[in-house]
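FYI, it's all coordinate maths here, none of it is from the lab. In this text, all values refer to a predicted model and were calculated from it rather than measured experimentally. Glycine gets a Cβ as well: all are built from the backbone with ideal geometry, and neighbour counts include every protein chain shown.
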Amino acid sequence: MVPHDEGGGLMRLDLLCDPVDGLDEALAAVDGFDDALVGGLLRPGPREAAGLTGIADAVAGTPLASRVAEAAERAAAGTAGEDHLVALAGARVALFGSVHDALVARVAEVTGRPRAEEPEAVGGDTVPAAPLYAAARGWLADLARAGWRGLDHELVAQAAPVVAAMLPDAALRRSATLLDGFAAELAASCPGATLERVPVRRWADLWSRGTLLTLPGASAAPPAAGATGRLLPLGVDVQEHATAVQAQVHAVFEPADGGVPRLVRASVSAPKPDTVVGAGLWQLLRPRMSLLGAVGEGRAMQLDAMPLSAGGDLVWDDARARTGEAAAAFTSARVALPAAAAFPVAPLDRHPAGIAVPVLLEGYAGTTDEDGTVVLEIAGRRLAVDTHRVPAAGPLTPEAVVSSGACLGLLRWDAGEFLLQPLAVERTVRKKAVTVHAGAWAGGTTDKAGVRAEKAATDAVTVLRERAGKLLRK
């Protein structure tokens, strides 16, 4: 809830708990098809056939109906060609797109903020890439026929020459990167017959997305526009892997021409050794993006023709930005966020896992359930907090969320319910209002815990650089 006297409006949290019509049926159809991919489509049994029939029935009232019905019938008989598998992948992506759109519509109703417009259509890719697309599509078709239980190293290795041929072409790099990562993950899981647990939805997501990206025009996007105006950071979402880290800054962009404020994102990533964790991650990211310094200092940034994608992602260039005046995140959330409109989401990106909507909550009571789940209670409604997404690279803790009076976070959807990922909280400590940000150490810190973590990371990076230097000299 955002009080009216502070520029906001009532956030209808009760709507988040109400069922969305058709949601369970759409997800059940996707699950049935995903189960069919586990056993493979070379010799499908009754269970796989039922999953194929289910996805065809789910799109029966759409323009995809006839093509998907034929594809499901052929696949159930074990005679599906590449075109049939493309149709099934398209049906799966379309169903998840409908789920995404229904959830985003519900979030717009909850927050009362402007809805995003439909994305504009763009032209297709050039013809010379067709042979490489066909090769990639053939490999993905072989995967679907073998199924995740039928994986072996020989099958997975067939992706290597295709990826190697695609990577040098910038226009194909998006597809190549997805295929490369997918193949590496599959290779690490071979043989599929011995897997204790199959990541069914994840691999089906990668397979269906990769399959559609082999269609000419699927990866085309409108050219980036130049964004000139003021950027008001709201918070930082840190995503960490053993060998890589990414910081994504969520912000409100106010155009200099007085146009509608927009919700935007700016991301920076870096490779990392697995020994660099916690606050040490910022040492790898800071040199790559000056925005992190502004976030740590609580300042706005002035942008001058900064490239901005049609989906709301800033292609960050330090030469096109300068640090501006002080801009507290909670002030920005109360004043600028209620009127900020989201950018449209491209069709292939419409997936419920991608929902991350900035929201401000106030007037709640924080509690912790017996299983350790942090919950915010507002007017008799409960909203679970995804504390697993709170990074160790900052001072924000689950305890701080429980004792807070205001929370700025990202509204997400996972495992059938909406969750709140906290980015910052306001709490009272010794009768003083204190703000705690997940990205408070992004630009550096004098906090004792942060200083210790940074020093440990510096020592680790120094040792690694010395070792790398010795290896290079040899």
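Across the alpha-carbon atoms of the range 40-185, the computed radius of gyration and Dmax are 18.0, 53 angstrom.
Mind checking the dipole of the range 123-217: about its Cα centre, +1 per Lys or Arg Cβ, -1 per Asp or Glu Cβ, Debye to the nearest 20? Walk me through the intermediate numbers first.
Working: 9 positive and 9 negative charges, 57 e Å.
Value, rounded to 20: 280 debye.
For the chain, the Cβ-based charge dipole about the Cα centre amounts to some 1620 debye (Lys, Arg positive; Asp, Glu negative; other atoms uncharged).
When all alpha-carbon pairs of the range 123-217 are counted, what percent fall beyond 23 Å? Write out the running numbers ahead of the final one.
Values: 947 of 4465 pairs.
So the pairs more than 23 Å apart make up 21 percent of the total in the range 123-217.
Its residues counted as N, the range 287-327 yields a C-alpha radius of gyration over 2.2 N^0.38 Å of 1.15.
Computed over every Cα-Cα pair of the chain and binned at 20 Å starting from 0, the pair-distance distribution P(r) comes out as 21, 53, 25, 1 percent. 3J(HN,Hα) along the range 269-283: 9, 7, x, 8, x, 6, 7, 9, 9, x, 4, x, 4, 5, 4 Hz, from the Karplus curve 6.51 cos²θ - 1.76 cosθ + 1.60 with θ = phi - 60°, whole Hz, x for Gly and Pro. A Cα-only calculation for the range 225-339 places Rg and Dmax at 14.2, 46 Å.
Entry note, the chain: the mean residue ellipticity at 222 nm calculated from DSSP H runs of n ≥ 4, each adding -39500 (n - 2.57), is -12000 deg cm²/dmol after division by the residues and rounding to the nearest 500. Just the Cα atoms of the range 273-344, one point each, no solvent: what log10 I(q)/I(0) does Debye give at q = 0.11, 0.25 Å⁻¹? So the normalised log intensities are -0.37, -1.21.
Which residue, Trp316, Leu360, Leu376, has the largest displacement toward the positive end of the dipole of the chain when charges sit on each Cβ (Lys, Arg +1; Asp, Glu -1)? Of the listed residues, the answer is Trp316. Can you tell me how the range 163-288 classifies by the Cα gyration tensor, rounded, prolate or oblate, using a/c under 1.5 as the rounded cut? Here the range 163-288 falls in the oblate category.
Across all directions, the shadow cast by the convex hull of the range 347-437 built on its C-alpha atoms averages 7.0 square nanometres.
Where both partners of a DSSP beta bridge lie in the range 347-437, what percent of those bridges are antiparallel, to the nearest 5? Working shown, then result.
Numbers: 31 of 33 bridges.
If we restrict to bridges inside the range 347-437, about 95 percent are antiparallel.
Packing, as the average of other Cβ atoms within 10 Å across residues, places the peptides 39-47, 244-252, 427-435 in the order 244-252, 39-47, 427-435, highest first. Taking Cβ atoms as reference points and 13 Å as the exclusive limit, the residues near Leu37 contribute a net charge of 0, counting Lys and Arg as +1 and Asp and Glu as -1.
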